[in-house]
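The values are calculated or read from the model by the stated rules, or taken from the named source; none is laboratory data. Bear in mind the structure is a predicted one, so any value in this text is a computation, not a measurement. Here the Cβ is made from the backbone with ideal geometry for all residues, glycine too, and neighbour counts use every protein chain on show.
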Amino acid sequence: MTVTASALPMLLADVEVVSVERLTPTFVRVELGGPALADFGVDGPRYDQRIKLIFPDPETGGMTSTEGADESWWATWLERPATERGHMRTYTIRDVRGSGARTTFVVDMVLHLEGDLVGPGSTWASRAAPGDRIVLLAPRRGFPYGGIEFTPAPGADLLLVGDETAVPAILTVLEQLPDDARGTAFVEVPVAGDIQDVRRPAGVDVVWLAREGDELGVGLHDAVVAHLGIPGAQVEVAPDEVDPDLWETPFYSSSGEQVAGEITGSEGTYAWIAGESKVVTGLRRHLVNELGFDRSRVAFMGYWRRGVAMKS
């Protein structure tokens with residue numbers, strides 16, 4: 001039996017840009033809609049739920065089609081050159097609006113438009129306008145999908161850390177925490193104009209750090225190690241020690257390490273850290289090697305690697 005796009009275990013849909021809003025100097029908010037989003041659904045809070053967006057090739061305009069897609073679509077898509085199929089990138093669902101066929105996804109996109117930071121996502125977001133079309137992959141109600149890495153034990157102290165690429169995930173997590181949650185979020189952004197208001201429990205502090213031209217991740221690193229009680233701690237991370245695909249959670253290890261496979265206990269701190277891979281690698285070494293954080297209580301995710309093109 002052939003499984004078509006409408007019956008795949010995930011949403012594979014052609015959607016339309018409903019609205020575009022320049023939130024801050026670095027962030028553009030894009031609202032995406034289409035009848036297929038009526039079938040979106042996850043069990044429990046969305047937290048840092050990831051989805052995939054497939055952008056047209058910036059040079060050729062080449063774009064994938066969902067017409068006639070079946071269970072072989074992924075292999076078929078990979079076989080085509082990027083100039084024809086477009087480029088896939090990962091984003092967080094910032095909000096879900098409406099219901100049924102009028103369901104829309106809100107996606108906040110970072111504009112990295114200088115030097116080696118430029119990518120197909122930023123390029124597309126900088127030009128997006130209502131009526132533009134794009135392809136997305138997202139969870140379908142009633143089917144396993146994954147894509148949520150924020151999995152603390154109930155009652156754990158929370159430590160959330162990220163640069164601008166993690167802002168949508170961190171803010172979405174904060175808005176969905178239970179009222180009795182406690183912890184601290186450290187968020188680094190390019191400029192003070194990127195600081196955003198966010199709903200959060202009274203017991204959770206948010207520390208915004210604006211680089212204002214300083215080196216990426218330095219202020220974030222220093223603030224986090226001071227918070228952890230090891231102020232001034234430094235760690236050297238050589239370029240060849242950085243895994244551009246860094247992804248270490250209680251349930252998966254990009255390096256092949258043994259994983260915990262479960263979340264244990266409610267005492268102590270649960271850490272969720274995402275952003276540029278070298279910065280995340282340095283913080284991981286402090287938490288795991290120096291402070292002895294248990295693998296079941298940490299999630300380290302390299303959302304991007306400076307100077308390295310992400311895989312499409």
>> Among the numbered criteria (1) modelled with pLDDT of 95 or more; (2) more than 17 Å from residue 37 (Cα to Cα), which one does residue 155 miss?
In response: (1)
> Do any strands (runs of 3 or more DSSP E) lying entirely in region 34-129 carry at least 2 residues that are buried (at least 19 other Cβ atoms within 10 Å of the Cβ), touching a residue at least 40 places away in the same chain (Cβ under 8 Å) and touching a Lys or Arg at 6+ places or on another chain (Cβ under 8 Å), and which ones are they?
Replying inline: 50-55, 87-92, 104-110
>> Looking at (1) within 20 Å of residue 156 (Cβ to Cβ); (2) modelled with pLDDT of 95 or more, which one does residue 263 not meet, given that it meets all the others?
In response: (2)
> residue 193 is checked against (1) of a type outside the set (Val, Ile, Thr); (2) in a loop (DSSP other than H, G, I, E, B); (3) exposed (fewer than 15 other Cβ atoms within 10 Å of the Cβ) and fails just one. What number does that condition carry?
Replying inline: (2)
>> Please pick out the residue among 282, 275 that is under 30 Å from residue 95 (Cβ atoms), in contact (Cβ under 8 Å) with a residue 60 or more places away in the chain and either loosely packed, with under 14 Cβ neighbours inside 10 Å or under 20 Å from the mean Cα position of the chain (by Cα) (or both).
In response: 275
>> If the requirement is being over 16 Å from the mean Cα position of the chain (by Cα) and not aromatic (Phe, Trp, Tyr), which of these qualifies: 163, 179?
In response: 179
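Taking region 201-228 only, how many residues are part of a loop (DSSP other than H, G, I, E, B) and either in contact (Cβ under 8 Å) with a residue 60 or more places away in the chain or buried (at least 18 other Cβ atoms within 10 Å of the Cβ) (or both)?
4
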> Out of all the residues in region 266-286, which are modelled with pLDDT of 90 or more, under 14 Å from residue 297 (Cα atoms) and not in a helix (DSSP H, G or I)?
Replying inline: 269, 270, 271, 272, 273
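Conditions tested, residue by residue: (1) of a type in the set (Ser, Thr, Tyr); (2) under 20 Å from the mean Cα position of the chain (by Cα); (3) in the same structural domain as residue 9 (by TED's automatic domain parsing); (4) modelled with pLDDT of 95 or more.
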{"site": "42", "(1), (2), (3), (4)": "no, yes, yes, no"}
{"site": "58", "(1), (2), (3), (4)": "no, no, yes, no"}
{"site": "68", "(1), (2), (3), (4)": "no, no, yes, no"}
{"site": "92", "(1), (2), (3), (4)": "yes, yes, yes, yes"}
{"site": "107", "(1), (2), (3), (4)": "no, yes, yes, yes"}
{"site": "112", "(1), (2), (3), (4)": "no, yes, yes, no"}
{"site": "117", "(1), (2), (3), (4)": "no, yes, yes, no"}
{"site": "129", "(1), (2), (3), (4)": "no, no, yes, yes"}
